[in-house]
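Participant: Mind having a look at this structure? Questions to follow.
The values are calculated or read from the model by the stated rules, or taken from the named source; none is laboratory data. Since we're looking at a predicted model, the values are computed, not measured. Here the Cβ is made from the backbone with ideal geometry for all residues, glycine too, and neighbour counts use every protein chain on show. The accessibility values were calculated without ligands, DNA or RNA, using every heavy atom of the protein model including side chains. Shrake-Rupley method; radii C 1.70, N 1.55, O 1.52, S 1.80 Å.
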There are 2 protein chains.
Amino acid sequence: MTVAEVAAAVATHVGEIAVVGLGPGPAGWLLPEAADALELATDLVGYVAYVVRVPERPGLLRHASDNRVEIDRARHAFQLALAGSRVAVVSGGDPGVFAMAAAVFEALEADPAYRSVPVRVVPGLSALQAAAARLGAPFGHDFCAISLSDNLKPWAVVLRRLAAAAEGDFVMALYNPASRARPLQIGQAFDHLRGLKSVATPVAFARAVGRPDERLHLTTLGEADASLVDMATLVIVGSSETRLVRGQGGRRWMLTPRRYGVVPSAEPQHREDVPR
Amino acid sequence: MTVAEVAAAVATHVGEIAVVGLGPGPAGWLLPEAADALELATDLVGYVAYVVRVPERPGLLRHASDNRVEIDRARHAFQLALAGSRVAVVSGGDPGVFAMAAAVFEALEADPAYRSVPVRVVPGLSALQAAAARLGAPFGHDFCAISLSDNLKPWAVVLRRLAAAAEGDFVMALYNPASRARPLQIGQAFDHLRGLKSVATPVAFARAVGRPDERLHLTTLGEADASLVDMATLVIVGSSETRLVRGQGGRRWMLTPRRYGVVPSAEPQHREDVPR
C-alpha cells in the first residue's frame, strides 16, 4: 500500500469528537445541533452530572467520570475516537465558556497522534445568558466573564482581573464563585470590589437557572451576603449604570442601559447592522 | 366594578412581550424555547433583517422596521401588547448581548403605563459563541465583550475599556467593529491595543458565522488588517496565553488554555461543580 492508501485506510477507522454544550438544563435551552450530535454519538464522555442528563439508548456507551481531571477526560475521548467511536464530550452550558472545549484542544496540542481525529464544537447556552434572561438585561452593555476558581490560575490574577473589570466599569459575570473547597473567595472578591466600586452597585445571585431549584436574589455590592452563594450560583455585578426597573406584578428587573455617559448624537440610525 | 375587578378586566385584554433571540442564523442554532415563542406570537417586531428570518404564516403580523430607532421599536411592542397582542420582539443572537432586551426594559422604565404588560426574555446563541465554536476554544479563560460602536457611548469610553481589558489580560470579543458610518474605529482600536499588548497576540475575524457567507481569518495583532473587518464580523483578540493548535487536515484552532500563570496545585479534583 502507498502512504496515501494507508492514510485512507486509517482514516476510515477514525471516529470523531463533538464537544457538545448541553446548556443550563431545560430541554427548551438545548440547541437542535446539540440534540443531533447526541443522537449520532456512540460514546458520551463527561462529568457524571452532565452525562446523566442524556437519556440512555441502545448503542450509546456512557463514560461518566467523577473526580477525574478534565484533561484525562479529553485524552480518553481522543483514544475512543482513534478506535473508531463517534464521541460526544458533554459539558453543561457552552463548552467554550469555562468548560471542556479548552481541555480538548489542550489534549490535541500535547499529542500529535490525536491530529487524525476530526473535532467539532457544538455551542450551547451559557449560565450568564440564562441568568440574564431571568433578570432582564443585566448585560445590555460591555461585560466580562471571570472564573473565581484559583485551581488553574493564581488568586492574584483573579484580583487583578476584578480590578481591571472595575476600572473598565464592565458588568461582571462571576463563574465558579464558591465550592466546598473554596468557600471564602467570593467574600474576598466582594471585599475587593467594595474598595473599587460604589456599594450601591446592583448585584444578582442567579442560582441553578432553568432547573427545579432555580433561585434569584437581588442585592447590592454593599449588602451582598457571600454565604448565600454556592457552587450552583452565577454572580452578576453591575456597572455604574446598572439599575433596577419595576415591571408587571411588581417584578424587579436588572437593566444595564445601552447608553453610557454623554454622547453627541441622540440615537443611531443604523445600529443593528452587525452579527449577533 | 371594584378596582380589582377593573384591573382583572384590563388584564385579560393585555397581551405579552417575549424578547426572542434568533441566534446567529442556522436552524440548528435556534433554541426550542425561541421557536415556541415565535409560534405563539401574533405580532413580530424587529429590524427587518431579523424579522424576515421568521417564516410568514396566517395570523402573524410582521412589523419590520428599517432605520427606526430601537427604543421606538420597544415602545411599539408595548403598545401592541397593551392592545392584546402576543408580541415577539426579535433580535439576532442573544437579545441580552448588545441587542433588544435593554431597549425593552428602557422603554418599560420610562413609561409606567407599560407596567401591566408581562415581559419575558428568551435567550439565544450569541455571535461570540458561534465564532468560538468554529475557532476552537478562544474563550477558554476569562473574557470580555465590548461593542466598538460609539453611537451610544463616547469613543473615550471604548478606549478606556480596551485598555482595562488589556490590563486584565482578558480575551476580547469586539462586537460592532465597523459599519458604513464608522469604518475607521476598528483600525484605531488595533492601534490602541498594539501599544498595550504583544503584536504576536492571535487575532481572529469571524464573519457571518453560521450563514452562507461565513468566513474565518486568523492573524495577529501586529498584522491585523482593519480593512478586512466589516459590519458582519466579530473580532476576537487573544490574551497573552492564547495560541494556535494544529488539528486534523492541518486545520488551525485558536486555544486559550484553562491554566494561567503559575499555580501551586497541578489539577483540581472538583472543577465542574458549577452552573454553566
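Participant: Answer yes or no as to whether A:GLU214 is among the acidic types (Asp, Glu), modelled with pLDDT of 95 or more and within 25 Å of B:ARG115 (Cα to Cα). Steps first, please.
Facilitator: Values: among the acidic types (Asp, Glu): yes; modelled with pLDDT of 95 or more: yes; within 25 Å of B:ARG115 (Cα to Cα): yes.
Taking the combined requirement at face value, the residue satisfies it.
Participant: Taking the conditions exactly as written (of a type in the set (A, V, I, L, M), open to solvent by less than 10 Å² (accessible area, probe 1.4 Å) and in contact with a His (Cβ under 6 Å, 6 or more places away or on another chain)), does A:LEU174 satisfy them or not?
Facilitator: Details: of a type in the set (A, V, I, L, M): yes; open to solvent by less than 10 Å² (accessible area, probe 1.4 Å): yes; in contact with a His (Cβ under 6 Å, 6 or more places away or on another chain): no.
The answer is no for A:LEU174.
Participant: Of (1) open to solvent by less than 40 Å² (accessible area, probe 1.4 Å); (2) in contact (Cβ under 8 Å) with a residue 24 or more places away in the chain, A:ARG75 satisfies all except one. Which?
Facilitator: Against the list (1) open to solvent by less than 40 Å² (accessible area, probe 1.4 Å); (2) in contact (Cβ under 8 Å) with a residue 24 or more places away in the chain, A:ARG75 comes up short only on (1).
Participant: Which helices (runs of 4 or more DSSP H) does the range A:1-66 wholly contain that include 2 or more residues that are in contact with a helix residue (DSSP H, G or I) (Cβ under 9 Å, 6 or more places away or on another chain) and modelled with pLDDT of 95 or more?
Facilitator: By residue number, A:32-40.
Participant: Follow-up. Just to be sure I understand, how many residues within the range B:38-63 are of a type in the set (Gly, Ala, Ser) and surrounded by 17 or more Cβ atoms within 10 Å (Cβ to Cβ)?
Facilitator: Number satisfying all stated conditions: 2.
Participant: Within the set of pairs 6 or more residues apart or between chains, which connect a residue that is free of Cβ contacts under 8 Å to residues at least 24 places away in the same chain and facing chain B (nearest Cβ under 7 Å) inside the range A:142-166 to a residue that is open to solvent by 20 Å² or more (accessible area, probe 1.4 Å) and in a helix (DSSP H, G or I) with Cβ atoms less than 6 Å apart?
Facilitator: If the second residue must be open to solvent by 20 Å² or more (accessible area, probe 1.4 Å) and in a helix (DSSP H, G or I), the pairs left are A:ALA164/B:GLU167.
Participant: B:GLY96 fails exactly one of the following numbered conditions: (1) in a loop (DSSP other than H, G, I, E, B); (2) surrounded by fewer than 16 Cβ atoms within 10 Å (Cβ to Cβ). What is the number of that condition?
Facilitator: Among (1) in a loop (DSSP other than H, G, I, E, B); (2) surrounded by fewer than 16 Cβ atoms within 10 Å (Cβ to Cβ), the lone unmet condition for B:GLY96 is (2).
Participant: Still on this structure, please answer the following. For A:PHE139, all conditions in the list (1) aromatic (Phe, Trp, Tyr); (2) closer than 24 Å to B:ARG259 by Cβ; (3) open to solvent by less than 10 Å² (accessible area, probe 1.4 Å) hold save one; what is the number of the exception?
Facilitator: (2)
Participant: Of all residues in the range A:238-275, which are facing chain B (nearest Cβ under 7 Å), at pLDDT 55 or above and either under 18 Å from A:VAL203 (Cα atoms) or open to solvent by less than 50 Å² (accessible area, probe 1.4 Å) (or both)?
Facilitator: The answer is A:VAL245, A:ARG246, A:GLY247, A:TRP253, A:LEU255, A:THR256, A:PRO257, A:ARG258, A:TYR260, A:GLY261, A:VAL263.
Participant: Against the conditions (1) touching a Lys or Arg at 6+ places or on another chain (Cβ under 7 Å); (2) over 22 Å from A:MET254 (Cα atoms), where does A:HIS192 fall short? Just the number, please.
Facilitator: All conditions pass for A:HIS192, except number (1).
Participant: Collect the residues in the range B:81-93 that are away from every other protein chain (no Cβ under 12 Å) and either open to solvent by 30 Å² or more (accessible area, probe 1.4 Å) or modelled with pLDDT under 95 (or both), keeping them in residue-number order.
Facilitator: Answer for the range B:81-93, where residues must be away from every other protein chain (no Cβ under 12 Å) and either open to solvent by 30 Å² or more (accessible area, probe 1.4 Å) or modelled with pLDDT under 95 (or both): B:ALA83, B:GLY84, B:ARG86.
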